[in-house]
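> Once you've had a glance at the structure underneath, I'll fire off some questions.
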Amino acid sequence: MSSFFQKENLIKYLLQGAASTSIFIVLLIVLFLGKEAIPFFSEPGISNLFGTTWKPVSFKEELFGILPLISGTVVVTIVAMFIAVPTGVIGAAYLSQVAHEKEREILKPFMELLAGIPSVVIGFFGLIILAPIVKELFGLQTGLSALTGSILLALMAIPTIMTISDDAISSVPRSYKEASLSLGASKFYTLWKVTVPAAMPGIVAAVLLGMGRVIGETMAVMMVTGNAASLTLSPFNSVRTMTATIAAEMGEVPFGSEHYSALFMVGLVLLFMTFGLVLIGQRYLQRQEN
Amino acid sequence: MNKLTINLLLISISVGSVIISGCSKRNDSGSSMVTIKGSDTMVHLVSSWAEKYMALNPDAEISVTGGGSGTGIAAILNNTTDIAASSRSIKEKESTLAESKGIGFTRTVIAKDGIAVVVNIANEISALSLESLRLIFTGEVTNWKQVGGADKEIVVLSRESNSGTHVFFQKLVLRKDDYTQGALLMPSSSSLTQTVNDNENAIGYVGLGYADNAGDNVKTLSIITPDGNVIPSEETVKSGEYPIARPLLFYVNANANGKVKAFIDYCLSEEGQKIVSEIGYVSIAD
């Protein structure tokens, strides 16, 4: 009998260990990023971080202002979410409540296929096909703009948002819907005023996950946004995102230099941005539950 | 049920440890393989050498990776590669770091490369002086009209800062000035030529090897020098007439073994240099 309990305890610990690896890994990553970024505080100094110019390689003066990088990430993310959230949520509502079984059988696999396309391939498509179209359509100097990046990112976020929202909407209890319909509400009214609001926590989670993907995406963005580090809030300008900066510059940077610690600083800021996002989302969900 | 879980756990642990030990073993046997890391410009050239060399010497194992000249030099400093392929000279910061780490290396010129300035075929300009190029890339000149072209805004394309070409162009053409903040930084030579192909107002620079087959709508500019206009080509780079040219380098770890030396000798041999010309770079043989 005792050996049975020992076995059970052992398994319990193993499972506990497996469950807490994610916490452990996050802590390690924060520690590592922090350790490499710390030199930045003394040399060149934290105030440099809030400058408006990112010019890490220069024979004259190296500047590490990350505001243009933050603005780049923010612009690209906001525009991408403007495209992806309505499309994703409306699509999910349609898929789970309106579409016929046959339609669903076709649409759903294709959605999942879209989620599986590697981001380099999407970036390549953006560079060759989408960028010239955006350039022509909006009469821009170049198609390599924040907008092109946003459209590609929206393509990548839509499957995430749609699949998870679909699950959330499908799992709303039938009784809600039936109660609404029996009170004489139309099918459409029931969908928008009863079913979708009831699924809101799941939809918020879906949007947050989609947003996480958008902020963290690197390759496709790097290929189509032009990567000019100018401080701008216009989606028609070329922007340089934080992820693209790290990816493009990390390979070249001399070990232990100011530029090196600056890149880790960028990573740290990015991490805190996504962390904040998750926090806000959880707050919102808690309030919903109360 | 319980037994099954335990068995599964045991299996996963043993598989995991095999994988981990496999990983560490690969590092030990690294000495029998020559590793070359660095310049993206040179990847094509170096891997062609490696292919031919391995065909000639069946026991030889050579691994070639890109990532940028800086990546290669960083790898030399971290002792993770035998040869760093670099399209720029080592920086002062890097050589002091090497000294502090007690790492020695030698520098060998293995070929030459010209940097071609490319524009769209629709552009009426066919030659520019180094000074005009400097003004364009630093952002002092923003309209093609100012250098004798159409009344169109200039779209400046540069390579990312991890590219040796970026630093070389900045040193030689921009005379160490900064690129304009509005310059679009392209992650690769092919995405740069692709953009020039699509955009009538774009100007950019790529290695000579890339400019030759860049696309139907890409045109290579001549450079206006005191001795007349010079188009980049194998002859003009070799003779030194074309001003935007650079040596392609191997930085070799001082502790490198005979296999590494044999490969470099092959690269410098007549046969090796023939490959250089075939690929579109300029051989250093007479």
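Values quoted throughout were computed directly from the atomic coordinates according to the rules given, and no laboratory measurement underlies them. The model shown is predicted, which means the values in this text are computed figures rather than measured ones. Don't worry about glycine lacking a Cβ; one is built from the backbone with ideal geometry, like all the others, and counts go over all protein chains shown.
> Mind checking the dipole of the protein assembly as shown: about its Cα centre, +1 per Lys or Arg Cβ, -1 per Asp or Glu Cβ, Debye to the nearest 20?
1800 debye
> Next question. When a/c reaches 1.5 or more, the comparison of a/b and b/c decides; with that in mind, is chain A rounded, prolate or oblate per its Cα gyration tensor?
Note, shape of chain A comes out oblate.
> Only Cα pairs within less than 10 Å get springs; with that Gaussian network setup on chain B, which residue of B:Gly139, B:Gly70, B:Gly258 has the largest fluctuation?
Ranking B:Gly139, B:Gly70, B:Gly258 by mean-square fluctuation puts B:Gly258 first.
> Something else about it: Inside 10 Å of the C-beta atoms of B:179-189, what's the mean count of C-beta atoms belonging to other chains?
6
> Return the lysines within reach of A:Lys7: Cα separation strictly under 28 angstrom, same-chain partners fewer than 8 residues apart disregarded; answer none if there are no such residues.
Once the sequence-local lysines are set aside, what remains near A:Lys7 is B:Lys3.
> Right, here's the next one. Kindly flag which residue pairs out of A:Lys60/B:Lys93; B:Lys91/B:Lys171; B:Lys238/B:Lys274; B:Lys112/B:Lys261; B:Lys171/B:Lys274 have an alpha-carbon separation exceeding 22 Å in this structure.
Flagged as over cut-off: B:Lys171/B:Lys274.
> Another question, then. GNM on chain B, C-alpha springs below 10 Å: top fluctuator among B:Asp40, B:Asp59, B:Asp177?
Looking only at B:Asp40, B:Asp59, B:Asp177, the biggest GNM fluctuation is shown by B:Asp59.
> Name the residue, out of B:Asn123, B:Asn162, B:Asn257, whose mean-square fluctuation peaks in a Gaussian network model built on chain B with Cα pairs under 10 Å.
Residue with maximal mean-square fluctuation among B:Asn123, B:Asn162, B:Asn257: B:Asn257.
> In whole Hz and in residue order, list the ³J(HN,Hα) couplings for the stretch A:58-63 that follow from phi through the Karplus curve 6.51 cos²θ - 1.76 cosθ + 1.60, θ = phi - 60°; x for Gly and Pro.
After applying 6.51 cos²θ - 1.76 cosθ + 1.60, I find 7, 7, 9, 9, 8, 10 Hz.
> Could you bin all the Cα-Cα distances of chain B into 5 Å bins starting at 0 and give me the percent of pairs in each, rounded to whole numbers?
1, 5, 11, 14, 15, 13, 11, 9, 7, 5, 3, 2, 2, 1, 1, 0, 0, 0
> For A:Val74, B:Val119, what's the fewest-to-most ordering of other Cβ within 10 Å of each Cβ?
A:Val74, B:Val119
> Charges on Cβ only, +1 for Lys and Arg, -1 for Asp and Glu, centred on the Cα centroid of the protein assembly as shown; of B:Val196, B:Ser222, B:Ile103, which one is farthest towards the dipole's positive end?
In the protein assembly as shown, that residue is B:Ile103.
> Apply the Karplus parameterisation 6.51 cos²θ - 1.76 cosθ + 1.60, with θ equal to phi minus 60°, to every residue of the stretch A:259-270 and state each ³J(HN,Hα) to the nearest whole Hz, in sequence, with x for glycine and proline.
Listing the rounded values in order: 4, 4, 5, 4, 5, 5, 4, 4, x, 5, 4, 4 Hz.
> Could you tell me whether the stretch A:1-105 comes out rounded, prolate or oblate from its Cα gyration tensor? Rule is a ≥ b ≥ c as square roots of the eigenvalues, rounded for a/c under 1.5, then prolate if a/b exceeds b/c, otherwise oblate.
The shape class here is oblate.
> Using only Cα atoms, find the angle between the long axis of helix A:146-170 and the longest principal axis of chain A, and express it within 0 to 90 degrees, rounded to the nearest 10.
The two axes meet at around 30 degrees.
> A further question follows. Strictly over 32 Å apart at the Cα level, which of A:Lys108/A:Lys193; A:Lys35/A:Lys55; A:Lys135/B:Lys52; A:Lys108/A:Lys187 would you flag in this model?
With Cα atoms farther than 32 Å apart: A:Lys135/B:Lys52.
> Also: Mean residue ellipticity at 222 nm from the helices of chain B, using -39,500 (n - 2.57) per DSSP H segment of n ≥ 4 over the full residue count, to the nearest 500 deg cm²/dmol?
Taking each H run of at least 4 residues, the total per residue is -13000 deg cm²/dmol.
> Convert 10 °C to kelvin, take the viscosity as 1.306 mPa s, use the Kirkwood radius over C-alpha pairs of the protein assembly as shown as Rh, and evaluate the Stokes-Einstein diffusion coefficient in µm²/s, rounded to a whole number.
After rounding, the answer is 59 µm²/s.
> So if I take the centroid of the Cα atoms in the stretch A:37-86 and the same for the stretch B:72-101, what is the distance between those two points in Å?
One Cα centre to the other: 28 Å.
> Specify whether the C-alpha gyration tensor of the stretch A:41-192 places it in the rounded, prolate or oblate class, a ≥ b ≥ c being the square roots of the eigenvalues: rounded for a/c under 1.5, otherwise prolate if a/b is larger than b/c and oblate if not.
Here the stretch A:41-192 falls in the prolate category.
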